[in-house]
Amino acid sequence: MPFPTVPIDLRSDTVTRPTAAMRRAMAAAEVGDDQYREDPTVNRLEERAAELMGKEAAVFVSSGTMGNLVALLAHCGRGDEAILGDESHIFWYESGGAAALGGIPFNLRPTSRLGRLDPTDLAEQIRTVRPGYPRTGVVCIENTHNRCGGTVLPLEVLRELTGIARERSVPVHMDGARIFNAAAALGVPAATIAREVDTVQFCLSKGLAAPVGSLVAGDAPIVEAARRGRKIVGGAMRQAGVIAAAGLVALEEMVDRLPEDHARARRLAEGLAEIPGVTVDLETVQTNIVIFRPPSDLDPAAVIDGMAAKGIRISNYGLRGLRMVTHYEIDDAAVDQALQAAASVMAPVHA
């Protein structure tokens, strides 16, 4: 099989380009001033997002990072503590925004290889009311879990964690950037997952392939607080219907096909695991993310460069290894070509 002349991009599902239907919707979008809540397309997107999450309201934001930030700002005052996993996206990849802008200290707890917090540990970490202690303002949960390979929280695990928080009257925020992937893996509507938490952020611009945007959903008062936080961080928008239109198409046309990405990720992972010296934790390959370690005597950077030379783009995941992510632009042929390239780059080391 010849290597592709057009690069196959497996670095992330954020590299997806808007579909033709999205481009048509963007061109024809009815718009108004969203700051005045007069953009009808944004309003429809927020209403649809709230409906899909089983929540009262939602607010459209420019990114998942902004969505998580304004949710934490809504839940916490300055000095209130956020409990979150030490492998969470909020901690690793969001520039410490909640601490820098909200004065919210992070209480980092160990994350299992399957992306879970320990219930006993969580119960012990929620603060009692005492002078000198920060107030526990929010518990953050990630689902699917990015750094743990796209793992999904089983509903019984999620309910145990949120039950502990609720017993102590502490709200729970879910970084659900890929919540529709989680729902597809569990075979339930996204609302079944989202109803267990107080707020949820989800992305339109990952597996759903919209060009930009995320939403924060929850009860009306907390979403109103998040909307105010959006203004504080400079995220208020004007005629945003031109991008909200793509989000509406994403929600209507791109959700049901996500299992295809999961199946291709599984085939990719199993194929990588057959290459001598390559290590893949197959139990963590539950959705569309594959993290693997190349042979120990091969420089990961050399693997990335070697794959790129054969038309396959993958990403460096630091100490975790290397990463490939499937999405709607990756078909079966692309998986075959990626595996052929990987065998060519890595197998000779152990030949």
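Structural remarks
- Of the residues in the stretch 323-333, none is more than 26 Å from the chain's Cα centre (by Cα) and in contact (Cβ under 8 Å) with a residue 24 or more places away in the chain.
- A single entry from I330, I291, I304 fulfils the requirement of being over 27 Å from L153 (Cα atoms) and of a type in the set (V, I, T): I304.
- Subset tally (residues that are among the charged types (D, E, K, R) and closer than 29 Å to R320 by Cβ) for the stretch 118-171: 8
- Residue count for the stretch 275-294 satisfying the condition of being over 19 Å from the mean Cα position of the chain (by Cα) and part of a loop (DSSP other than H, G, I, E, B): 6.
- Residue satisfying condition, being out of contact with any strand residue (DSSP E or B) (no Cβ under 7 Å at 6 or more places or on another chain), at pLDDT 95 or above and farther than 27 Å from A20 by Cβ, within set A347, A333, A342, A351: A342
- Among (1) of a type in the set (G, A, S); (2) closer than 30 Å to A50 by Cα; (3) touching a strand residue (DSSP E or B) at 6+ places or on another chain (Cβ under 8 Å), the one test that A269 misses: (2)
- Qualifying position, being assigned to a strand (DSSP E or B), touching a Ser or Thr at 6+ places or on another chain (Cβ under 8 Å) and closer than 26 Å to H262 by Cβ, among V200, V216: V216
- Residue ID - surrounded by the fewest Cβ atoms within 10 Å (Cβ to Cβ), chosen from residues in the stretch 219-255 that are of a type in the set (D, E, K, R), in contact with a helix residue (DSSP H, G or I) (Cβ under 7 Å, 6 or more places away or on another chain) and in a helix (DSSP H, G or I): E253
- Residue match in the stretch 320-330 (condition: assigned to a helix (DSSP H, G or I) and of a type outside the set (A, V, I, L, M, F, W, C)): yes
- Test: residue in the stretch 204-218 that is among the polar types (S, T, N, Q) and farther than 16 Å from G176 by Cβ: no
- Any hit, the stretch 36-54, residues being closer than 25 Å to T326 by Cβ, buried (at least 21 other Cβ atoms within 10 Å of the Cβ), of a type outside the set (A, V, I, L, M) and within 22 Å of the chain's Cα centre (by Cα): no
- Residue count for the stretch 148-197, restricted to those that are assigned to a loop (DSSP other than H, G, I, E, B) and either surrounded by 24 or more Cβ atoms within 10 Å (Cβ to Cβ) or not basic (K, R) (or both): 17
- From the list L319, L268, L272, L258, the one residue that fits, being closer than 26 Å to R113 by Cβ and at pLDDT below 95, is L319.
- Only helices (runs of 4 or more DSSP H) whose full extent lies in the stretch 1-90 are considered here, and the ones with at least 1 residues that are within 16 Å of D198 (Cβ to Cβ) are 40-53, 64-75.
- Of the residues examined, A236 is not one that is touching a residue at least 40 places away in the same chain (Cβ under 8 Å) and under 17 Å from the mean Cα position of the chain (by Cα).
- Matching entry among A269, A301, A265 (being part of a helix (DSSP H, G or I), small (G, A, S) and surrounded by fewer than 20 Cβ atoms within 10 Å (Cβ to Cβ)): A301
- Residue check, T287 in contact with a Ser or Thr (Cβ under 8 Å, 6 or more places away or on another chain) and among the polar types (S, T, N, Q): yes
- Yes/no for I291 being touching a strand residue (DSSP E or B) at 6+ places or on another chain (Cβ under 9 Å), at pLDDT 95 or above and under 11 Å from V345 (Cβ atoms): no
The values are calculated or read from the model by the stated rules, or taken from the named source; none is laboratory data. If you're wondering where the values come from, they're calculated on a predicted model, not measured in any experiment. Every residue, glycine among them, receives a Cβ derived from its backbone with ideal geometry; neighbour counts consider all protein chains shown.
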